[in-house]
Amino acid sequence: MPNPAKNNVTDSLHRALLSRRGFLGDAHTGLLGISLASLLGRDLLASEHDKVALESRAPRQLGNGKLQFAPRAQRVLQIFCPGGASHMDLWEHKPSLDKYHGQPLPGEENFLSFQGRSGNLMRSPWPFAACGESGHKISTMLPHMAQHVDDIAFVHSMTSKTNTHGPGCVFMNTGHVTEGFPSAGAWVSYALGSANDTLPTYVTIPDIRGEPPNGKANWSNGFLPAQHQAIGMNAQQPIRNLHLPSQVSAEEEADTRQLLELLNQHHAAQHPGDSELQARMESYRLAARMQLSAPEVTNMSGETPATLHLYGTEDANPLKAAYARNCLLARRLLEKGVRYVNLYCASRASGVDGLLNWDAHRTLVSDYERHCPVFDQPTAALLTDLKQRGLLEDTLVLWTTEFGRMPTHQAETTGRDHNPDGFTCWMMGAGVKGGTSYGTTDEFGRRAEENPSSVWDFYATVLHILGFSHEQLTYYYNGFDRRLTDVHGHVIHPLLA
């Protein structure tokens, strides 16, 4: 006869095994879900109650800077042309180069520059034309940018501490020649905080041709909390891995997010003051929110044909079309509240000088006839679009490069060598006195002569327009109160509106 006691034990063991299998199966699914949950966030929660609960545990990021002045700008667009764009071939007219073309540079007949001996003085291959009511002369290679001269404040007396591309780009972006320091965008992110809960505070848009010299060091957070590093994206490669796996249901997703948030909060409570941990948690939350916002901001299908034509997004030149789409993406990001956008036109050095960036050592004419059309129309369209939409009223626009070029040709070439002793950068938009120029290089464009300016002066002025004293916006690190301008810098007041 069957033994009832034995049957009861068997049934109990069977139920226990089923329960254990179920538990392990559920645990396995849960762990897989947790690994996915770092890309999910509070805006996708199943109920409004859950949204409110998570919002209270993860408040919107606030800025850490204390305003010292009434801010004129709320956000910054920095356009960067890596390679050392030539000031006397783009922005600063030098009649003496026409007059003394082919003659030695006085006092520097045997000067050895970055790549060797310099040749004689060389005029710009392109004429300059007076533009706008200000009459400022710029190269006829930039006919679209000529429309904006009356809104631009030029700094013709910039100087750098290095004549090498990598350190030069890092210096222009961070105020330090060596890597490991926060970029200007990271400082602004730290100071102002987020203006949008669904997009990064700081975005960099690399050129389709690649990253600039020294790559990600140009938009690093340095010693600032990790959340202030830029998110890299462009129109050709939007942020990847934003879509949910098809096998994960909405219920599993919501439950896993809730569990992950509880675990995160418990872990954070055990490690108070750990900024890296907090930054990582916030970056995961941001990644989740970007599942909705990033595809929207990178989707340009809603732009009008007139806007696409203005930028040149369908141009036959694939480099120009790609840069045009990046310019349009920059406008969309600024419009959505991103605080700082780095937009790159050109990339790293290559085996052929001047092929991928503005480093015209050997063939200035062919190099700039390649780069200027890529840069001119899309950049001018971006500025026009920002102005038409009223965004220039509280957006500061910067144009930068790491150094300039020599007024002489490089020996045995028709190009120009590096020149860190004098070059041009400019500003426009909120807080800027348009149609003005500050400083000059000497008559040949060789060295900053009138009102020499530094990267630190440039960023002291940027921070002033944003409402901050560059001397008081600091971060304590390794025994020092660090700042973007190091121990230097003065606000260039003639640039201010």
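Quickly run through the range 434-482 and pick out the residues that are in a loop (DSSP other than H, G, I, E, B), farther than 22 Å from PHE80 by Cβ and of a type in the set (S, T, N, Q). Across the range 434-482, the qualifying residues are ASN451, SER469, GLN472, THR474, ASN478. Does at least one position in the range 170-188 carry a residue that is farther than 30 Å from SER350 by Cβ and within 22 Å of the chain's Cα centre (by Cα)? Within the range 170-188, one or more residues are farther than 30 Å from SER350 by Cβ and within 22 Å of the chain's Cα centre (by Cα).
Condition check for SER220 on (1) within 30 Å of GLU296 (Cβ to Cβ); (2) surrounded by 21 or more Cβ atoms within 10 Å (Cβ to Cβ); (3) more than 12 Å from the chain's Cα centre (by Cα); (4) without any contact (Cβ under 8 Å) to a residue 60 or more places away in the chain: one failure, at (3). Within the range 122-147, residues that are in the same structural domain as GLU109 (by TED's automatic domain parsing) and charged (D, E, K, R) reach partners that are part of a strand (DSSP E or B) and crowded, with 18+ Cβ neighbours inside 10 Å with beta carbons closer than 6 Å, at six or more positions or on different chains, in the pairs LYS137/PHE128. ALA346 falls short of the stated requirement of being at pLDDT below 95, among the small types (Gly, Ala, Ser) and crowded, with 18+ Cβ neighbours inside 10 Å. Within the range 371-429, the residues that satisfy the criterion of being among the polar types (S, T, N, Q) and over 30 Å from TRP456 (Cβ atoms) are GLN377, THR384, GLN388, THR413, THR414. Considering the range 383-424, the residues that are of a type in the set (Ser, Thr, Tyr) and part of a strand (DSSP E or B) include one that is surrounded by the fewest Cβ atoms within 10 Å (Cβ to Cβ), namely THR414.
Residues in the range 228-257 that are in a helix (DSSP H, G or I), modelled with pLDDT of 80 or more and more than 30 Å from MET300 (Cβ to Cβ): GLU251, GLU252, ASP255, THR256.
Yes/no matrix, rows are residues, columns are (1) more than 16 Å from TYR340 (Cβ to Cβ); (2) surrounded by fewer than 16 Cβ atoms within 10 Å (Cβ to Cβ):
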{"site": "GLU211", "(1), (2)": "yes, no"}
{"site": "GLN227", "(1), (2)": "no, no"}
{"site": "ALA235", "(1), (2)": "yes, no"}
{"site": "PRO238", "(1), (2)": "yes, yes"}
{"site": "SER246", "(1), (2)": "yes, yes"}
{"site": "GLU251", "(1), (2)": "yes, yes"}
{"site": "HIS267", "(1), (2)": "yes, yes"}
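If I ask for residues that are within 22 Å of GLY431 (Cα to Cα) and aromatic (Phe, Trp, Tyr), which ones from the range 137-192 would you list? Within the range 137-192, PHE154, TRP187, TYR190 qualify. Does GLY102 fit the bill of being part of a loop (DSSP other than H, G, I, E, B), surrounded by fewer than 17 Cβ atoms within 10 Å (Cβ to Cβ) and modelled with pLDDT of 95 or more? Judged against the criteria, GLY102 is a match.
The values are calculated or read from the model by the stated rules, or taken from the named source; none is laboratory data. Since the model is a prediction, treat every value here as computed from it, not as a measurement. Glycine also receives a Cβ, built like all others from the backbone with ideal geometry; neighbour counts cover every protein chain displayed.
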